[in-house]
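For reference, the structure is listed below as structure tokens.
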Amino acid sequence: MYLLTIETTCDETAAAVITDELQVLGSAVASQDELHRVFRGVVPEIAARAHVERILPVIDTALARAKIGLGEIDAIAVANTPGLAGSLLVGLVAAKSLCLVLDVPLLAVNHLQAHIYACRLAAQHDVFPCVGLVVSGGHTSLYACRTAVDFQLLGGTIDDAAGEAFDKVASMLGLSYPGGPAISAAARHGNPQAYAFPRPFLSQPDRLQFSFSGLKTAVRYQIAGPGPTSVQQVALSAKEVADLAASFEAAVADVLVAKTVAAARITGLRTVCVGGGVAANERLRADLEQAAQDAELTLHIAPPHLCTDNAIMGAIAMERYRAGCFESLDLDILPGLHR
Ligand code: KG4
Ligand code: ZN
């Protein structure tokens, strides 16, 4: 069977065609980075309008790459939670309209669970049960993933997401948007021990929560002090930028790694899956590999092209298809995060 997956939760418009054997026949992603760069972050209204313009060409491209006609599609899956309300609506309306016209079933995708499922796709074998860590622009969450359709939230960030912190710190350092890749590139030449930035909750080993807001403020104070001086008024040398980037990245990686290992210890699960845009970070990947080796855990990190938003990971809907979890056409968006 052929599944069409649609993803419009944030600022990537994406579609893919996937078989019931989880073979990816075609995929297309239209990034909006250039539209949001000038604002150094995603502007929800601009994102929603861009999705409207791009959704049909992106679906057409995915079908063309798959060499599949629209009439051959057997089911449609759409990410309806969590995300930006206006963005989610565009994907949902497109999916529902196609389901109505083609008379095929509708499936719902939880975007965060899909990020974890990227590991299942890359592994090409079952990875459940596992601890799942999602580190993206909007979310930083740990799950006990019993099966592909049974995720239990263990904890998450109490303020900013890790990716959000990367984007905001990049802006402070005068680096371009999205901040993750820019910080990663700058950090390669920096000293991760140059600045002792905070590692929230590291002293509470059983607390499965994150906080990145204070870390962001610590970087701001390091650059411009706590007074009224704005970071834009301070000229940083290339070495300072590199050291600040490397020290910030190390602080983020340390807490992500420690809490993920703690989640494995607390749940007794021996497999760990990591996905989301920030999982593309080289330092985080290397630190996770080392920690998994030390704690004798089996680690799967989504390959970089499946870390940032895409529709391929919507293949998780095949599991819902098999479990008979179909949606009616009054399915709604759920923009918010369950804490
Ligand atoms: O998963 P994603 O594409 O979108 C959301 O669901 O939010 O994640 C985007 C986030 C952005 O904050 C971006 O800066 C971050 O992932 N990111 C990275 C890297 N590549 C993307 N963060 C750190 N290092 C990277 N190499
Ligand atoms: Zn995402």
> Any idea how many residues of segment 183-219 are in contact with a Lys or Arg (Cβ under 9 Å, 6 or more places away or on another chain) and not in a loop (DSSP other than H, G, I, E, B)?
Replying inline: 6
> What number of residues in segment 1-49 are away from ligand 2 (no atom under 15 Å from the Cβ), acidic (Asp, Glu) and modelled with pLDDT of 95 or more?
Replying inline: 3
>> What's the total number of residues in segment 293-315 that are over 13 Å from the mean Cα position of the chain (by Cα) and over 12 Å from residue 16 (Cβ atoms)?
In response: 8
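Could you run through segment 165-182 and say how many residues are in a helix (DSSP H, G or I) and aromatic (Phe, Trp, Tyr)?
1
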> Taking residue 140 and the conditions (1) more than 11 Å from ligand 1 (Cβ to nearest atom); (2) within 13 Å of the chain's Cα centre (by Cα); (3) closer than 30 Å to residue 239 by Cβ; (4) among the polar types (S, T, N, Q), which numbered condition does it fall short on, given that it satisfies the others?
Replying inline: (1)
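The rows are residues; the columns are (1) among the hydrophobic types (A, V, I, L, M, F, W, C); (2) away from ligand 2 (no atom under 15 Å from the Cβ).
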{"site": "263", "(1), (2)": "yes, yes"}
{"site": "274", "(1), (2)": "yes, no"}
{"site": "277", "(1), (2)": "no, no"}
{"site": "286", "(1), (2)": "yes, yes"}
{"site": "293", "(1), (2)": "no, yes"}
{"site": "299", "(1), (2)": "yes, yes"}
{"site": "308", "(1), (2)": "no, no"}
> Hey, does segment 8-24 have a residue that's surrounded by fewer than 16 Cβ atoms within 10 Å (Cβ to Cβ) and within 16 Å of ligand 1 (Cβ to nearest atom)?
Replying inline: no
> Which helices (runs of 4 or more DSSP H) sit wholly inside segment 222-339 and have at least 1 residues that are at pLDDT 95 or above and basic (Lys, Arg)?
Replying inline: 238-267, 282-294, 317-322
>> Among the residues of segment 89-120, what is the count of those that are within 19 Å of the chain's Cα centre (by Cα) and of a type in the set (Lys, Arg)?
In response: 1
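Please enumerate the residues belonging to segment 96-115 that are in contact with a Ser or Thr (Cβ under 9 Å, 6 or more places away or on another chain) and within 14 Å of residue 311 (Cα to Cα).
Start the filter on segment 96-115 by keeping residues that are in contact with a Ser or Thr (Cβ under 9 Å, 6 or more places away or on another chain), which leaves 106-112, 114-115.
The answer is 107, 108, 109, 110, 111, 112, 114, 115.
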>> Against the conditions (1) touching a strand residue (DSSP E or B) at 6+ places or on another chain (Cβ under 9 Å); (2) more than 16 Å from ligand 1 (Cβ to nearest atom); (3) of a type in the set (Gly, Ala, Ser), where does residue 79 fall short? Just the number, please.
In response: (2)
> Does residue 48 fit the bill of being touching a Leu at 6+ places or on another chain (Cβ under 8 Å) and buried (at least 20 other Cβ atoms within 10 Å of the Cβ)?
Replying inline: no
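With respect to residue 47, is the statement that it is in contact (Cβ under 8 Å) with a residue 12 or more places away in the chain and in a helix (DSSP H, G or I) true?
Details: in contact (Cβ under 8 Å) with a residue 12 or more places away in the chain: yes; in a helix (DSSP H, G or I): yes.
Answer is yes for this residue.
Quick check on my filter: what residues within segment 126-137 are within 16 Å of ligand 1 (Cβ to nearest atom) and not β-branched (Val, Ile, Thr)?
Of the residues in segment 126-137, the ones within 16 Å of ligand 1 (Cβ to nearest atom) are 132-137.
Listed by number, the residues that qualify are 132, 133, 136, 137.
The values are calculated or read from the model by the stated rules, or taken from the named source; none is laboratory data. Remember, it's a predicted structure, so these values are computed and weren't measured experimentally. Backbone-built Cβ (ideal geometry, glycine too); neighbour counts: all protein chains shown.
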